[in-house]
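The values are calculated or read from the model by the stated rules, or taken from the named source; none is laboratory data. Note that the structure is predicted; figures quoted are calculated from it, not measured. We place every Cβ from the backbone using ideal geometry, glycine too, and count neighbours over all the protein chains shown.
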Ligand SMILES: [Zn+2]
């Protein structure tokens, strides 16, 4: 076991007092944080460390955590950002049928690379070929909660609003989710956990949702689901069941405090009360919502008891952009300058860890927690001068200022570069595999 210390840095703890320590230090022993405080108070302990790093002009924060992702969806980067919901149904869902375990591994790896280089150390990911995502997470050195994408409609039918059910195929996907749990839960030195991934209320029959609920109960793991994500889902659920997506899930006994609901764009006051009663949690994805032209009632959620954190979703995986969008789009849609930079930062650190039931081991820089942390170069024109540290970061970081990333005390990004694989090789491979998928999907060559 080796120890290292970083001293003379600004340390953003995300502890319960949101303490920011100027001239701070952190000591890591193997995979755990053993001391956090002012450098001068820790000098003696620092001297005993195997490695001492000068953190002058650096800011140390907890590794960022995104609570809703589909990293394999990286294949849709570059041509779906300028399309809205119809594009999503027309191209993405149908083109997902051209994925396979091999190309999915590389798309996942590329997606992880993007967000890791911006300082994200953990994701919560729901998609096809979930074992490929698990392999990529293990290889790159990050942490993840992973679910298999479970549904019982035909993805090619969705664009035509055709919801014909294929229940047996849905059960097969649920069995694949169970295999994922058996093979990967608590693997990669505990960095990977696996939950159940019923995709959405409209893409799952009530029977499949109930079967997903039973599987989660059987293994004592959580469920990750899209809820009230799109106009199409909202209308389908209302027309078919005569109620909102949240009420529909509640009527099935699906919602409990182990369920993370992504999006909730159409959740109204009654729905928010149901979430409060059941303990179900909210993964807010401000960037993709703004792209779709819809946005949840964030002002109401902020004052509700619904636990809430922020996710990247897909295609653009920049947690700093997400934090900004969470604040700025809320201001634009409410007409009020709600101020919550510190809360937004918590929603991608400690609140995110709590949402994933991992708040005891990650999400903040406190003694006894795993050493998941990032080191930021503070001497960048976009960060200087710096008075209030957290708002300065939230409103001004691009992500490229992240120099070093540690997960479980192990360095996995150094001087801004991924250590596990050659970045250029991954990028070239990703481009060529994506061109193959796009060709099959009829959108390539341009
Ligand atoms: Zn999503």
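May I ask you to list the residues in the stretch 263-273 that are within 18 Å of residue 222 (Cβ to Cβ) and either away from the ligand (no atom under 15 Å from the Cβ) or in a loop (DSSP other than H, G, I, E, B) (or both)?
264
One line per residue, one yes/no per condition, for (1) more than 16 Å from the ligand (Cβ to nearest atom); (2) under 17 Å from residue 189 (Cα atoms); (3) touching a helix residue (DSSP H, G or I) at 6+ places or on another chain (Cβ under 6 Å):
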| position | (1), (2), (3) |
| --- | --- |
| 110 | yes, no, yes |
| 113 | yes, no, no |
| 119 | yes, no, no |
| 125 | no, no, yes |
| 130 | no, no, yes |
| 134 | yes, yes, yes |
| 137 | yes, yes, no |
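Which ranges mark the strands (runs of 3 or more DSSP E) fully within the stretch 30-113 that have 1 or more residues being more than 18 Å from the chain's Cα centre (by Cα)?
In the stretch 30-113, the matching strands (runs of 3 or more DSSP E) lie at 32-38, 51-54, 58-62.
Just the residues that are assigned to a loop (DSSP other than H, G, I, E, B) and away from the ligand (no atom under 16 Å from the Cβ), please, taken from the stretch 294-317.
Residues satisfying the conditions are 297, 304, 305, 306, 307.
Looking at 416, 363, can you tell me which residue is surrounded by fewer than 21 Cβ atoms within 10 Å (Cβ to Cβ) and at positive phi?
When all the criteria are applied, what remains is 416.
Would you check if there is a residue in the stretch 439-446 being over 23 Å from residue 137 (Cα atoms) and buried (at least 16 other Cβ atoms within 10 Å of the Cβ)?
Yes, the stretch 439-446 contains at least one residue that is over 23 Å from residue 137 (Cα atoms) and buried (at least 16 other Cβ atoms within 10 Å of the Cβ).
Can you give me the number of residues within the stretch 282-304 that are more than 18 Å from residue 338 (Cα to Cα) and in contact with a helix residue (DSSP H, G or I) (Cβ under 8 Å, 6 or more places away or on another chain)?
Number satisfying all stated conditions: 6.
Say we look at the stretch 212-230 and pick out the residues that are surrounded by 15 or more Cβ atoms within 10 Å (Cβ to Cβ) and away from the ligand (no atom under 15 Å from the Cβ); which of these is farthest from residue 201 (Cα to Cα)?
219
Restricting to the stretch 274-293, and then to whatever is within 16 Å of the ligand (Cβ to nearest atom) and touching a strand residue (DSSP E or B) at 6+ places or on another chain (Cβ under 6 Å), can you tell me which residue is modelled with the lowest pLDDT?
Ranking the qualifying residues of the stretch 274-293, first place goes to 288.
Need pairs with beta-carbon distance below 8 Å; first residue assigned by TED's automatic domain parsing to the domain that holds residue 318 and touching a residue at least 24 places away in the same chain (Cβ under 8 Å) and within the stretch 389-410, second in a loop (DSSP other than H, G, I, E, B) and surrounded by 21 or more Cβ atoms within 10 Å (Cβ to Cβ); sequence gap 6+ or separate chains.
none
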